[in-house]
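The numbers here are math on the coordinates, done by the rules we state, and not lab data. Keep in mind that what you see is a predicted model, and the values were worked out from it rather than measured. Cβ placement follows ideal geometry from the backbone for every residue including glycine, while neighbour counts extend to all protein chains displayed.
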Amino acid sequence: MSVYQATVSAPVNIACIKYWGKRDTKLILPTNSSLSVTLDQDHLRSTTTSRADPGFDSDRLWLNGKEEIIAPGGRMATCIAEMKRLRREVEEKNSSEPKLSTFGVHISSRNNFPTAAGLASSASGFAALVSSLAALYALPANPSELSLIARQGSGSACRSLFGGYVAWQEGTAADGSDSLAIEIAPREHWPDMHALICVVSDDKKGTSSTSGMQRTVETSPLLQHRIKHVVPERMKTIQKAILERDFDTFARVTMQDSNQFHAVALDTDPPIFYMNDVSRSIIAIVTEYNRLAVANGGKLKAAYTYDAGPNAVIYAPKENIKEIVELIVSYFPQAEPFKDPFALFGTAGVGEGKLVEGFNPAVAKKFPVGSVKGLIHTRVGDGPRKLGEAETLLGPDGSPK
Ligand code: DP6
């Protein structure tokens, strides 16, 4: 008997123009368009196996080996139901197709990064879920069509259906049919874009994106200004910058938009704070690094951006990453020498930091070891990858391996 299953991995994406606010909370329709860079799955990814079997009496899902309840009417159930609906259309057109849409489905998903790192796993997770079901069901759908469904799992997930530089167009239709992701440029267009993720320690439980953005929609007058008068222009500017590989403009707009997102969080009643002292010090360090570059007649060399938490993501052309790591390590000493997959510092890694010449050391204080508990060096990456049978995450009995 045939085994119907598929395994896919999907990437994380980090927005430069932030999605923050929904006009429809059930369909997950945003109040503004957004744009992100897809990160390399060689370093950060979610991998998901989906299997359909007439012997499965219900749909079940395991995340990192632990079973999660698929709440009826919830986001996971919606994505699975939508994918089964698309499969049914295929079966209705071709009666020789096995009736997989009537079978139960078992889904096992794993992230290759610790959940405790506070990196958003919902984007790569829902993108991998939808992509693995699309492969299982042999759907003819293209990534933009799949993004319509991933969006209903988590808004930012729709952007993880593509590699490279991706826009989520807000759309205008009430049913959400035009609120989807499109590729602005593939990673090959601008492969020099690297990212350094600074994983910042945080013991307090933050406000989730979902509830935080809803409170912002309900209470922030600044958000209305942002939606109407700021984001549309920035979307145009950053798309042009990407097409022209203009890092200076890309960096300026990325930092402005991160700042404004955190400003609308602060403008929420009661206010929401996502950044902490460490986050703000990293802003000061990147700002001084850029000031020096411009003072020396150059252009911006790095761009920080922050999501709904204290972690910094620093985008920079590859040639600047070594200097940036040395700066960060100077202020945020690491327990172990930092080694990166691009072997920037040889096999020994970097222990002691170093300031670039002319850098004003007083922009931040030196923090204790552990304040930045880890650094991840990655770069722009590709879209979901279909993996071979050997990579399956489900055992012969239909439970996680
Ligand atoms: C700050 O996509 O996690 O990362 O749609 O409610 O699941 P839901 O929210 P989510 O929000 C992401 C917010 C952000 C900005 C961004 O990724 O654009």
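Observations on the model:
- Relative to one another, the C-alpha centroids of the range 40-87 and the range 179-211 are positioned 23 Å apart.
- For Arg379, the amide hydrogen comes within under 5 Å of the amide hydrogens of Asp40, Ala195, counting only partners 5 or more places away or on other chains and with H modelled in the peptide plane.
- Largest GNM mean-square fluctuation across Phe250, Phe261, Phe342, computed for the chain with C-alpha springs under 10 Å, falls on Phe342.
- Debye equation applied to the C-alpha atoms of the chain, log10 I(q)/I(0) at 0.07, 0.11, 0.12 Å⁻¹: -0.33, -0.81, -0.95
- Most fluctuating residue given options Ala251, Ala316, Ala390, as computed from a GNM of the chain linking Cα atoms under 10 Å: Ala390
- The smallest convex shape that holds all Cα atoms of the range 193-379, its convex hull, gives 129 Å³ per residue.
- Principal-axis tilt of helix 321-331 within the chain, Cα atoms, nearest 10 degrees: 70 degrees
- For Leu387, the residues 5 or more places off, or on other chains, whose built amide H falls under 5 Å of its own are Thr7, Val8, Ser9.
- Filtered trypsin sites (Lys or Arg not before Pro), the range 197-234: DSSP coil and at most 14 other beta carbons within 10 Å: Lys204, Lys205
- Approximate spin-label separation Phe367-Lys93, in nm, with each point projected 7 Å along Cα-to-Cβ: 5.2 nm
- The ranking of Val8, Val356 from fewest to most other beta carbons within 10 Å of each one's beta carbon is Val356, Val8.
- Calculation over all alpha carbon pairs of the range 36-117 in 10 angstrom steps from 0 returns a P(r) of 15, 39, 31, 14, 1 percent.
- Exposure proxy ranking for Tyr315, Tyr165, based on other Cβ atoms within 10 angstrom of each Cβ and starting from the fewest, stands as Tyr315, Tyr165.
- Between 0 and 90°, nearest 10: helix 209-219 axis offset from the chain longest Cα axis: 70 degrees
- Potential lengthening between Lys204 and His229 on full extension [0.36 nm per residue; Cα-Cα distance subtracted]: 5.6 nm
- Cα long-axis angle, helix 231-243 against the chain (0 to 90 degrees, to the nearest 10): 90 degrees
- Relative contact order for the chain, counting Cα pairs under 8 Å that sit 6 or more residues apart, in percent: 23 percent
- HN-Hα J in Hz across the range 160-168 - Karplus 6.51, -1.76, 1.60, θ = phi - 60°, x for Gly and Pro: 7, 7, 10, x, x, 10, 10, 10, 9
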